[in-house]
């Protein structure tokens, strides 16, 4: 009989009686856990990306100062994408008595392609989602616009040559626009009206946009084909390039989901190792018999190797199906909580999971199985001749490392992966060391103990090697479960709390220098907190020289930042800013400029370069002396460019204020805004709400993913307990045969499991707390304080799970006649 | 031999011949080296010094795989603790040995062998569902199904009550007689030993000369199917 036939028969025959199922279960759980988590993470990641893309109101936007070539629209349509034309324009709007600068947005039916508009009928009316747009001849206005023009809904405004009736208040638009600064009030109109307004002639500052959305593959194809063809001033933005606040939230989401997936991976690896060890032990008799009956070593090893391959294939198929079903279930549960449907499943993560399982089996299961080659046929006559397991060759680390590289690659976060894997390895080492110490202690104690205590303590020290492996596995499993609770509960909670309760939620722009004192006094009076009032000038970048030599001549830099840029000046580094290169100036310094890193990267400037601006006909030149990292989601007033204070003497400017306003101050703020008609007040509370909404969804998604990891953790716990169950049952039956009563046996087993639970719980809670603290500090940027609840939960769940599962697995020993157990064993 | 605690010298100065169809009982106190000798004779283990010929081949000239090939062609085993694979049924346990031995029509031959030991009604039972005597009968069917030239039995009745033990012994000797299979058995049971043609006693690793018993029908030395150790 050849090896393939032998392996097939062994699989069929052993499989039917259940011997192989433990290893299959371990491998299947590994596949299922990684498949479900990575499939789901993949879908959620893409959904969040798409949702973040709501800030574009589309999946992709192409824009230009001039009307876009019709070919671009034609291509999008040809690829099956839905499109929409949009024109934005900053212009003055006239009412009966008043006028103000507005950001006009003109759209077609079908806008927005992603997300939804919200409108209200009046200032005190509740808002609602709508899927329409203003009909020709009507307009929807932002609430602050009513104040600016001092009008009521129903009023008529003049846009170029068109008269429009203000029909509704526009309370939310997904693509509200980047940052609080260019926010003149919004006026949403029908595209036909803007086109008929005569405002789009030569010299107009309109921006033309093509919005497109659809199947991910079609979007990618559209982007790939269109991007290379764009000319100088044309821009293409995708959902992935979301604005700062959303980016940050998305990044945090990825990290949370990656933690869940990696935890599952580590647990699955432990489960496979435990199952493989148990399986290889169970194969020793088989191999000795096969050899005694004349099977050759290589034949047996080939058969065992093939057997493992069949197991992996079977487990991959079962696990893959379970994974697909699992992620489908998760997606179903979550779909109600997500505002956009999840994109379809991709097969790529599934293939990754299958390869992962194969490599994991090669690394963890093959070495113990191959060591069976050394089982002497003489073992059949004398079991004491069993050779101890050989020290495995380091070569087996290769498939293990390769296996672990797959989830790291799929989740795309090396730092987090190293932290998780390193932490797990360190914890495993510590757990093993502590377990070894505890074994020494129990050995001494068991000599002095009597009755059940002796039975329990001796049980632990008698199986010292197995107990150390078990405690390590239990500790790892438990730590993962606790880490989930830490991550799920405390980390997310504390992270949310790390956004200050009094995050600025209002901006007031266009404050003239002579209004500065009045605004500051009034705002302080009406209870505004976190108040910052900063000067701002709109300047034209006219020249850029690289350490003395001219760079780009008189041409302003290309890219997102055209020649026009807002600048401010200050005498000390503002909050939420950190110098990453160069030095910030001291008092009295002049002629210097500090640039935000994003801007510096995009425009391509560095410390030492000199920039020249023109503002209102006055020139100002300064040298870049520092680069700043700016926390854009801090909702403070931040600027790409900061100048030394003397700039204020040169540049015509206004002020912008940011502050948190308790609800009670709303009326007073309204009055202030009315008394200063040139200013605009912007309520970004809605934007902050949106950030929290994203965080909420992320934590919900993370919780569902974690639930799956929790199951993987439980499987490891059970596998660890199962590993020595047979031996425990036989021993218990033996001492019952010798006359021990049920209470002694029961208490002995409980004592053994309780000690194991205590050691595992102590180390796991400590490990979870330290890992949580490191993660919070290194990755999420806040100080995590482990609560007493973590420790209470750790010990309680450890006791419940280990003693409970151990007890359930062994309770039959008390009711089954001992002779039956001994005969079966 | 190599053991987990280091190298052990268990049997020494042994000279022994066994011809086809002969029966030999090896008796002696526990720890005297009986089972080790059996393992050496069957080629499960190799001696540090001396030679063993099995079925005309010097085991010292063969590597482990060579000895395995020789075993599957010529040797059968019966063990005190039966050593049936718990995950296989009675029929599958017998078939597996035949399949390893590359015997044609393993299922038919296994069915026949189990029929010969009176277990045709227990074919699909797992070992745990069988009594001790039945398990040993499966082991005997497994050992004889491949028509070995020589059968090694390690305490074949050691785990059985007297009545069942007698029945198993009858079976062993019947098959020995019917098929001219040489039989080497290690036993503590003087009654079982007496049924063999000769009895050799192990004492602290030394083998006392074989004594011929009343039942000692001499084997056929011309068949050269037996074993010779020196």
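Structural remarks
- Every residue from segment B:60-91 that is part of a helix (DSSP H, G or I), touching a residue at least 24 places away in the same chain (Cβ under 8 Å) and out of contact with any helix residue (DSSP H, G or I) (no Cβ under 8 Å at 6 or more places or on another chain): B:73, B:74
- Residues that are modelled with pLDDT under 75 and more than 9 Å from chain B (Cβ to nearest Cβ) were ranked within segment A:12-24; the one that is surrounded by the fewest Cβ atoms within 10 Å (Cβ to Cβ) is A:12.
- No other residue among B:88, B:62 is modelled with pLDDT under 90, surrounded by fewer than 19 Cβ atoms within 10 Å (Cβ to Cβ) and within 12 Å of chain A (Cβ to nearest Cβ) apart from B:62.
- Residue in segment A:171-181 that is modelled with pLDDT of 90 or more and surrounded by 14 or more Cβ atoms within 10 Å (Cβ to Cβ) present: no
- Screening residue B:225 on (1) modelled with pLDDT under 80; (2) surrounded by fewer than 23 Cβ atoms within 10 Å (Cβ to Cβ) shows it passes everything except condition (2).
- The requirement of being modelled with pLDDT under 75 and under 32 Å from the mean Cα position of the chain (by Cα) is fulfilled nowhere in segment A:595-603; no residue meets it.
- In this structure, residue B:21 does satisfy being buried (at least 21 other Cβ atoms within 10 Å of the Cβ), more than 19 Å from residue B:157 (Cα to Cα), in contact (Cβ under 8 Å) with a residue 40 or more places away in the chain and away from chain A (no Cβ under 11 Å).
- Of the residues making up segment B:138-173, those that are outside any loop (DSSP other than H, G, I, E, B) and farther than 23 Å from residue B:26 by Cβ are B:138, B:141, B:145, B:163.
- Sole exception among (1) away from chain A (no Cβ under 11 Å); (2) not in a loop (DSSP other than H, G, I, E, B) for residue B:48, by number: (2)
- Any hit, segment A:338-348, residues being in a helix (DSSP H, G or I), closer than 30 Å to residue A:116 by Cβ, away from every other protein chain (no Cβ under 13 Å) and at pLDDT below 85: no
- Among the candidates A:297, A:384, the residue that is within 14 Å of chain B (Cβ to nearest Cβ), crowded, with 19+ Cβ neighbours inside 10 Å and either closer than 29 Å to residue B:70 by Cβ or modelled with pLDDT under 70 (or both) is uniquely A:297.
- Residues of segment B:92-103 satisfying the condition of being at the interface with another protein chain (Cβ under 9 Å from one of its Cβ atoms) and outside any helix (DSSP H, G or I): B:101, B:102
The values are calculated or read from the model by the stated rules, or taken from the named source; none is laboratory data. Quick caveat, the model's predicted, so the values are computed rather than measured. Neighbour counts run over all protein chains shown; Cβ positions are idealised from the backbone, glycine included.
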